[in-house]
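Here's the structure, in structure tokens; my notes come after.
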2 protein chains.
Amino acid sequence: MPSSLPGYRNFARQAKIDQSFLAIPDAKLAGEELKTLTAEPHIAASPEDYKTAEYVAGKFKAAGLETSIVPYKAWLNMPISVSVEAFGSNGAELMKGPVPEHVDDDPYQSDSRVTPAFNGSSPSGDVTAEVVYANYGRPEDFKKLTDMGIDVRGKIVLVRYGANFRGVKVYIAQQYGAAGVLIYSDPADDGYFRGDMYPHGPYRPATSVQRGAVQYLFKYPGDALTPGVASRPDLPASERLSPQNAPNLPKIPSEPLSYHDAAPILEHLTGPDVPHGWQGALPFTYHVGPGVKVHMVLKMDYKYRTIWDVIGRVKGTEFPDEWVIAGNHRDAWVYGAVDPNSGTAAMLEAVHGLGALLQQGWKPKRSILFCSWDAEEEGLIGSTEWAEDHAKELEHAVAYFNTDVGVAGPNFEAAAVPSLKEFIRNVTKEVPSPKGGTVYDAWKKSDENEEHHRSGNGSSTHSNNGAAAGAAGDVEVGDLGSGSDYTPFIQHLGVPSTDVGSSGPYGVYHSVFDDFAWFTLNADPTFVYEQEMARVFGLEVLHMADADVLPYDYVTYGKEIADYLDAAQKSAANNNVAGLDFSAAGAAVQQFIAAAGLVRQKQDHPGADMAAFNAKLRQVEGDFLSEQGLPNRPWYKHTIYAPGEYTGYAAVVIPGVNEAIDAKDSARAAAQLAVLTQAIQRATATLQAAAQ
Amino acid sequence: MPSSLPGYRNFARQAKIDQSFLAIPDAKLAGEELKTLTAEPHIAASPEDYKTAEYVAGKFKAAGLETSIVPYKAWLNMPISVSVEAFGSNGAELMKGPVPEHVDDDPYQSDSRVTPAFNGSSPSGDVTAEVVYANYGRPEDFKKLTDMGIDVRGKIVLVRYGANFRGVKVYIAQQYGAAGVLIYSDPADDGYFRGDMYPHGPYRPATSVQRGAVQYLFKYPGDALTPGVASRPDLPASERLSPQNAPNLPKIPSEPLSYHDAAPILEHLTGPDVPHGWQGALPFTYHVGPGVKVHMVLKMDYKYRTIWDVIGRVKGTEFPDEWVIAGNHRDAWVYGAVDPNSGTAAMLEAVHGLGALLQQGWKPKRSILFCSWDAEEEGLIGSTEWAEDHAKELEHAVAYFNTDVGVAGPNFEAAAVPSLKEFIRNVTKEVPSPKGGTVYDAWKKSDENEEHHRSGNGSSTHSNNGAAAGAAGDVEVGDLGSGSDYTPFIQHLGVPSTDVGSSGPYGVYHSVFDDFAWFTLNADPTFVYEQEMARVFGLEVLHMADADVLPYDYVTYGKEIADYLDAAQKSAANNNVAGLDFSAAGAAVQQFIAAAGLVRQKQDHPGADMAAFNAKLRQVEGDFLSEQGLPNRPWYKHTIYAPGEYTGYAAVVIPGVNEAIDAKDSARAAAQLAVLTQAIQRATATLQAAAQ
């Protein structure tokens, strides 16, 4: 337990509250909550999903939160039927699928409410075409095919999961003129090549499929038909886009496959050997094609469906307009034991702890909101619509704390805006780890351990994308990309955000096997990491709600931006993008750092009335937003962080500038550099005013 | 064609001879010779091996060489029977093998003279034991098992080919107390993971086995019972060791397996998941064991067997005692189309060209010897015994030129002592490449191409081991390690040596499928690379035989030694080997470089009588030998190059010093540094005398 922390005149008082809180979250209860939440498949907008909303609302109410279930109406697809057949060059049938997901011994797999595996946001389609294998479906993979003289126009592109967001694979395939996409899980990436398969271990078995949205979320997340607008049930149709005009909906059909179903296709592809690095772990030599024709028929039921966020509030006594928001999604592709309900159980136990404090008479200075989002899997819909609904109030929100995959294993991980990296490290120094010592100690140890398995599902984990700059000598807190519900808060509205979780070997992501049986065998048999995450998540909320001075660390933020500018300048040189003058931006960020240093002194020695100072501190993140947003994707307004247009989940830093450099567009890069410089200057002026 | 070359007063005269020579080697004839040589399995000491000796002798004689077939008597094993059975923990039989090597369509595979796959130098044995998987069987792999608490004493160690010489795998397993070793070919290393399998491509099919010697050749090569002594047929038994006292014979049985036979064993191993990097390309998760028992029974027929070198000579007119030796082995594990008879065919066409020159009345200044070695596969036996037989004459030999895998594909490669790296580059600038331009041009291009497949059979290729120091900006010529017949010449006797070949994807190494059918499908269908290698190999001989001044480049040699000393000094620091004073060695090598510079000036402006100068130049390499040899392996006398004790084929530079540092033995390192310093000082004194 630290004796002092930034933000507190008297941390001893807060430390007592923390101790009272930390005593409450309960491993056994978390396990029971997880079991209840994952008893049935509960895909967004289903009756079972509504049951989980009521369950969570009940828990919120029991803790003393003012609770409501908030519906939105979103344009969503559900599969009516899915068929994929493959034929060799002699016309012989090679496979007819998909086969249902099945292993020898899993108590949950046979529920009739399990939907066929499908891609959220895929259109219906009936395509027969030659197959081309395109590795991970990255820009460089499609370019390589072009260099080999292979045209994917009119073809069905077979790609493997990993290295980027699945929506990016479809996006690039569509740009190259493909007629359809099949996305399979190669055992090299999350199957037997990594370790034993479920039920013998945590990795993906042969028939297991990674479902998932292929929405172009790098354009905008949320309901496809209402970008920037809350899709309240009463929003008239005239204020919604028509589906064919929705920029974040793919135009070509796509379908996820198990390696059981993909192997016969891959094995019969002929043509050139694959380029170096494209071979996976299936027991034959991969080729790019031709040699196999696939007939894929996807019948999707698209309609407006109602989804349900659950919001629980405690009003702040001193600064009721300064919201501290903590959220986790509740909907799952099937059972979602890890993703997301390990996070939900942790959140419920954090709420449990908060309820105990409330019962003891404690009240927060700032308002606290716990949010159980719906339809995250289809494209961060519940969080995005609610954030769009409350954009005005959120201008004063002091933080959004996210957890999605709360517990997939024992390794704590975090991502945050730079201003909250020190904050999250400090929180973990107060929470005991099941491994002994504090969460911080264990985190540091696993960070230092080269053999630490960062994530079991290749590159497709939700959180902690990208390496953080400037964290030398301390545990790494990642940058916020996308793939979970912090996106509307930080990247659309400028609410300082964090994302926490606990990872481990996890090969059943988005499959039927992400269930309570898998969880108790592999992730956290005694739910002690659930308890840990409840404590971390809850302490984040408590610290932010009661701090005398908002504990943002803008010196680190400035240094990270300075690093980003240096890297972009080098990248411009490497890409032969001439005529860029980084000097104004460089000067701006140095002034930002200087002003942040003065502000930090004031933060460390707070006076009596910090209200106006705090308001200025909060405003800095908002200053980083640009009114016009990023080129071609105006919903993304943050000038420092965005999900990459060609990576999807992974963060791109100073995205306007870097993506223009990558595109070798010097005019756009110069314009975006000016936008960035102005944003830094706005933020600097706010810091300078705060330092007065 | 260069207009001048180091070593020639008048290169124009030599250039005309070169042109006459280059016109003769014939692609079609090389193909016919290769087909004849590989018509039957011709393992060393077999009647078919003798037939190939007679065939080669006939070609030598036809070219006008004074030719003899020289027999030696060596202690060799042949398999009587081989059996490997595996049982699961419940006693059920998992496999019973080995199965014969077989693919759907190969015309050579079914010959009754194909021996079962076996390891040369393995003892007989009958062992039943639990299996432990030990990855590549490197020191770090066995150490990892120890760290995991796994004891291999009394166990059968299952290792995969790659990363080191197979004899090293057995050597370390023996040191760790294993009862036996199974060595299999994982498809990750030379099978379907790399590319299409034979007959659809060049890589190793399921049943294909890599035979090979497990002789501890890093102790000494050649006949196991006569280290340092020629095993002439009349050498009395009293002057031969008894087999149980021969230090280069393994004490535990070992047997090579195909992945077809190894897979059921690996698949049923239980226990811990394998460490990172140990997983191969078979379609299941690898474990280290236990869970599988193997019963292996090897019955070997050990006896003295007669082998046959073929030696063809042309006496030199001016310096008959200065031998220029060119050699290639002839014996093969089975058919040996690539290894070694692609080299034999190239050598025969080089001899063909030489014969044409002789017919035109040309005579070499120095004596030329072409050598067709036998029993290389069992441990460089034919070359080693002959070299030991002629140790005295070889003190004046000016070069040994080797080719083993002459042609496995289109990528020229070379290894050499540093003094001959410039020489070999110059030779390749005169020879046209089938790709256009010169061999040098094509070599440079493929060297620059990152995607160039250096070798198809993982790390187990014979030649060109290790990266060369000091070749920045020019094509890489590797260092000489071991694994082919240059070893007795350079490392035992100090004859300056080179090794050349042409590589490509080659997954059938040491299997029945290394046959004429594979060769014409994959390596060189029109034998144009055979022609290229004949020209390169022949020009090496011609240039060395007729040079006015021996074209050794001692400046480069000195610089490389200086680099080795720098690296060793860093390695000593990293290994905390204190108390080593590199200053004397460093000073010695600087004096060497200075003297080499003066010598080079004299080489570049040769006077009329260079005999005494040439003799001094030749003596320098001999000065690098130490009388006592390396610690625990006195046969290896060269202080700059040796095969690594724990790598086998790969070169270890300044081996006495570096291996002592690796063993953290500072006393031994200091003593070896003194030995090395004295060697450099001897060589420097010789150079200084030459420069007078």
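Summary of values
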| item | result |
| --- | --- |
| Extreme residue, modelled with the lowest pLDDT, among residues of the stretch A:1-36 that are open to solvent by 60 Å² or more (accessible area, probe 1.4 Å) and not in a helix (DSSP H, G or I) | A:Met1 |
| Filter result for the condition that a residue is in contact with an Asp or Glu (Cβ under 7 Å, 6 or more places away or on another chain) and among the charged types (D, E, K, R), over A:Asp563, A:Asp581, A:Asp553 | A:Asp553 |
| Residue within the stretch B:130-145 that is within 14 Å of chain A (Cβ to nearest Cβ) and either over 26 Å from the mean Cα position of the chain (by Cα) or at pLDDT below 95 (or both) present | yes |
| Residue within the stretch B:59-77 that is surrounded by 14 or more Cβ atoms within 10 Å (Cβ to Cβ), touching a residue at least 60 places away in the same chain (Cβ under 8 Å), part of a strand (DSSP E or B) and acidic (Asp, Glu) present | no |
| Members of the stretch B:507-548 that are open to solvent by less than 10 Å² (accessible area, probe 1.4 Å) and of a type in the set (Phe, Trp, Tyr) | B:Tyr509, B:Phe513, B:Trp518, B:Phe519, B:Phe537 |
| A:Gly409 within 20 Å of the chain's Cα centre (by Cα), among the small types (Gly, Ala, Ser) and outside any strand (DSSP E or B) | yes |
| Among the candidates B:Ala86, B:Ala92, residue that is in the same structural domain as B:Ser112 (by TED's automatic domain parsing), over 11 Å from B:Leu348 (Cβ atoms) and surrounded by fewer than 18 Cβ atoms within 10 Å (Cβ to Cβ) | B:Ala92 |
| Among (1) touching a residue at least 24 places away in the same chain (Cβ under 8 Å); (2) over 22 Å from A:Asp563 (Cβ atoms); (3) outside any loop (DSSP other than H, G, I, E, B); (4) open to solvent by 30 Å² or more (accessible area, probe 1.4 Å), the one test that A:Gln603 misses | (4) |
| Exclusive hit being among the hydroxyl-bearing types (Ser, Thr, Tyr) and closer than 30 Å to A:Gly406 by Cβ, set A:Thr647, A:Thr639 | A:Thr647 |
| Unique match (being more than 14 Å from chain B (Cβ to nearest Cβ), in contact (Cβ under 8 Å) with a residue 12 or more places away in the chain, surrounded by 23 or more Cβ atoms within 10 Å (Cβ to Cβ) and among the β-branched types (Val, Ile, Thr)) among A:Val214, A:Val229 | A:Val214 |
| Those strands (runs of 3 or more DSSP E) lying entirely in the stretch B:235-346 with at least 3 residues over 19 Å from B:Leu94 (Cβ atoms) and either away from chain A (no Cβ under 14 Å) or open to solvent by 10 Å² or more (accessible area, probe 1.4 Å) (or both) | B:292-314, B:319-329 |
| Residue among B:Ser46, B:Ser112 that is among the polar types (S, T, N, Q), open to solvent by 50 Å² or more (accessible area, probe 1.4 Å) and either modelled with pLDDT of 95 or more or under 28 Å from the mean Cα position of the chain (by Cα) (or both) | B:Ser112 |
| Pair list, Cβ under 6 Å, 6 or more apart: the stretch B:666-688 residue in contact (Cβ under 8 Å) with a residue 40 or more places away in the chain, other residue basic (Lys, Arg) and open to solvent by 10 Å² or more (accessible area, probe 1.4 Å) | B:Thr686/B:Lys616 |
| Residue satisfying all of: in the stretch B:549-578; outside any helix (DSSP H, G or I) and at pLDDT 95 or above; surrounded by the most Cβ atoms within 10 Å (Cβ to Cβ) among these | B:Tyr552 |
| Selection from the stretch A:612-651 of residues that are aliphatic (A, V, I, L, M), over 13 Å from A:Phe489 (Cβ atoms) and outside any loop (DSSP other than H, G, I, E, B) | A:Ala612, A:Ala615, A:Leu617, A:Val620, A:Leu630, A:Ala642, A:Ala651 |
| Residue that is surrounded by the fewest Cβ atoms within 10 Å (Cβ to Cβ) [pool: residues in the stretch A:158-208 that are within 14 Å of another protein chain (Cβ to nearest Cβ) and without any contact (Cβ under 8 Å) to a residue 60 or more places away in the chain] | A:His200 |
| Residue match in the stretch B:104-123 (condition: among the aromatic types (Phe, Trp, Tyr) and part of a helix (DSSP H, G or I)) | no |
| Residue within the stretch B:375-397 that is within 27 Å of B:Gln603 (Cα to Cα) and surrounded by 24 or more Cβ atoms within 10 Å (Cβ to Cβ) present | yes |
| Any hit, the stretch A:57-66, residues being aromatic (Phe, Trp, Tyr) and in contact with a Gly (Cβ under 6 Å, 6 or more places away or on another chain) | yes |
| Unmet criterion (only one of (1) in the same structural domain as B:Ser503 (by TED's automatic domain parsing); (2) in contact with a helix residue (DSSP H, G or I) (Cβ under 8 Å, 6 or more places away or on another chain); (3) farther than 24 Å from B:Gly379 by Cβ) for B:Val292 | (1) |
| Every residue from the stretch A:244-302 that is without any contact (Cβ under 8 Å) to a residue 60 or more places away in the chain, more than 16 Å from A:Ala188 (Cα to Cα) and of a type outside the set (Asp, Glu) | A:Gln244, A:Asn245, A:Pro247 |
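The values are calculated or read from the model by the stated rules, or taken from the named source; none is laboratory data. What you see is a predicted model; the values in this text were computed from it and never measured. All Cβ positions, even for glycine, are placed from backbone atoms using ideal geometry, and neighbour counts span all protein chains on display. Note: areas computed on protein heavy atoms with side chains; ligands, DNA, RNA excluded. Shrake-Rupley method; radii C 1.70, N 1.55, O 1.52, S 1.80 Å.
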